[in-house]
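In what follows, a structure is listed as structure tokens, so that the remarks can point back to it.
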Amino acid sequence: MDAGLTEGESRDLLDTLDRGVVRISQGRISAANGAFGRLAGLPPDELQGRELAELFTDAGDRPLAELEPGDGFSLRDLTGRLRPISLARFGADLWLVIDRERESRLEREVWRLANELRARPATAGDAPLGGEQIGMIEHEIRTAVTAVRGYLRWLGSERHRLLEPGHWSYVREARRAIERVGPLCDNLLELARSGEALPSVRKPVRLHQVIELAARTARPLFADRGVKLELELGAAPDGLLGDPERLEQVFVNLLANAAAFSPEGGRVSVGSELAELAGGPVLQVAVADQGPGIAADDAERIFAPFVRGPRPSGASSGGAGLGLAICRRIAAAHGGGIEAVPDLGYGLFRVTLPGSRGSER
């Protein structure tokens, strides 16, 4: 368990975050971290005591007397410029101020690089991205990870004051998930630099445990869209030799896609079975959603880097189109494969992995 932080330690921790945080008291700012000061163009100590109406406006540029969660707000900086922001409550009197322009910078840059790559004639030995470009993306990812890790540590230290007892488990799961991002960032950079198969460890793994961990990580995505997740894991035995963290990455990605492509209130099912092929036992996992499915022309194309499938109405804009490409590399590194089954009228991905003989409990 985390020990509680002193007031000074809490202030120092909030100052490490790259998103603005303000404490509000009686319609005025009583404290602000450095990131909010940079947004507003004033040192944090000069922001103390200022009325909310001096800085915050609604979608119609009307001053705000009190804050409320949501998008469509603006922050007036020292020069008078209105910066688009989102607001989120971060405690009884703390608010998170998110710079919406900054949030999309990394995705725009990745797509710019992707478009440059498509327009450039391929030559033998080309790396997908140059060293300077990779370094820039790495910096942005690690900055975001540091911020999230800081928020979660702070929440952990203040959980007795801010969290209901049942909510602490969500924070623990979020902390577990964010700790996976550093190694996954390394994997992405390695993939971008070399284009070679991803190395991975080999140890006995229970596939169903991996899928259940992935489901726990992805459940907030399902809750956001009201989508039900059903696990029907029938493969027995379910043992294999592999890298559990990389395999979890595959299933988190597939579950996230299934949640995004499912209609609100829909259902995603994950099933497993053990099959005997000429080369030995294989474990097959099917992830099915109630989305529109995949056209035959897209079934292979969506596994190429920087390719995104068409998004259904109401879904988010999605990532940079790297998830499925990395998933296929991971499956191949385990001696298996992944495929999208087309023209079914619903979404279906199938993962095949070599089973391990003699792995029964």
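Residues D224, D238 ordered from highest to lowest accessible area at a 1.4 Å probe: D224, D238.
Maximal additional length on extending the L241-R153 stretch stands at 28.3 nm, based on 0.36 nm per residue less the C-alpha distance.
From the Cα gyration tensor of region 196-282, with a ≥ b ≥ c the square roots of its eigenvalues, which class applies: rounded if a/c is under 1.5, or else prolate if a/b is larger than b/c, or else oblate? Note, shape of region 196-282 comes out prolate. Loop-resident trypsin sites (Lys or Arg not before Pro) (DSSP state other than H, G, I, E or B) in region 28-105 with no more than 12 further Cβ atoms inside 10 Å of their Cβ: R81. Can you tell me how region 261-302 classifies by the Cα gyration tensor, rounded, prolate or oblate, using a/c under 1.5 as the rounded cut? Here region 261-302 falls in the oblate category. The listed residues T57, T352, T79, once ranked by accessible area (1.4 Å probe) with the largest placed first, stand as T79, T352, T57. Restricting the GluC sites (Glu not before Pro) of region 40-107 to loop positions (DSSP other than H, G, I, E, B) with no more than 13 neighbouring Cβ atoms within 10 Å leaves E66.
The values are calculated or read from the model by the stated rules, or taken from the named source; none is laboratory data. This is a predicted model, so every value here is computed, not measured. FYI the Cβ positions are ideal-geometry reconstructions off the backbone, even for glycines, and counts take in every protein chain you see. For accessibility, only protein heavy atoms count, side chains too; no ligands or nucleic acids. Shrake-Rupley method; radii C 1.70, N 1.55, O 1.52, S 1.80 Å.
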